[in-house]
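Presented below is the structure to which this report refers.
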Amino acid sequence: LVEAADNLKLADYDTRKVVITNMLNQKEFKFLFQAGNSLNELIYSTNPKERALAVEITTELKNVRFTDAIEWLIHDPEPVVKKSAIMAACKLKTRKLLPFIVKQLSRPEEKYLALQGLQHYGDDLFLHLKDIPEEEQQNNAADFIKIAGKTKGNHSTNYLLSRLFDE
């Protein structure tokens, strides 16, 4: 790992991903520091492939959260990076980022991407919807109903029932 970490910039993307992920899973500060710096370079890289790689890495880590980095990349001008960041935020059920993703539903050019991501959020989406302003919930009710209809779980079922009784 030491040798791979020292030659990280020369490695291909798949190797970088494995090395950085393994370094972030170490308890030694040197590895954590080096991996953090490497990941930071990827997040703020001018190369969209490197920014997308950063999202992949943050998605794989279970014991470390990179909410600010994913938030930054949700606003990326490159569609591939933006899509990866939205998917990562939803797969990781990053509650803090849910309002940013829901706002995408009101933008026609971003709507499909947001819907794809929200489907990956799963049943917890309907528990976390209370973090979204009521007006936005109402404006996007049709989209949430579609997602709930495709989602298994108590929260999505209760959401559908509540919408049924609201109408």
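The values are calculated or read from the model by the stated rules, or taken from the named source; none is laboratory data. Note that the structure is a prediction, hence the values are computed from the model and not measured. Remember, those area values only see protein heavy atoms, side chains included, never the ligands or the DNA or RNA. Shrake-Rupley method; radii C 1.70, N 1.55, O 1.52, S 1.80 Å.
Descriptive notes on the structure:
- Protein accessible area in the chain, 1.4 Å probe - carbon and sulfur %: 54 percent
- Base-10 log of normalised Debye intensity for the stretch 74-148 (one unit scatterer per alpha-carbon) at q = 0.16, 0.18, 0.25 Å⁻¹: -0.48, -0.62, -1.24
- Listed residue pairs exceeding 29 Å between alpha carbons, taken from Lys30/Lys82; Lys30/Lys103; Lys27/Lys83; Lys93/Lys150: Lys30/Lys82; Lys30/Lys103; Lys27/Lys83
- Accessible surface for the chain, divided over its residues, is 57 Å² per residue with a 1.4 Å probe.
- Using the alpha-carbon positions of the chain, Rg (one decimal) and Dmax (whole number) come out as 18.2, 63 Å.
- The chain: relative contact order as a whole-number percent, Cα under 8 Å and 6+ apart: 13 percent
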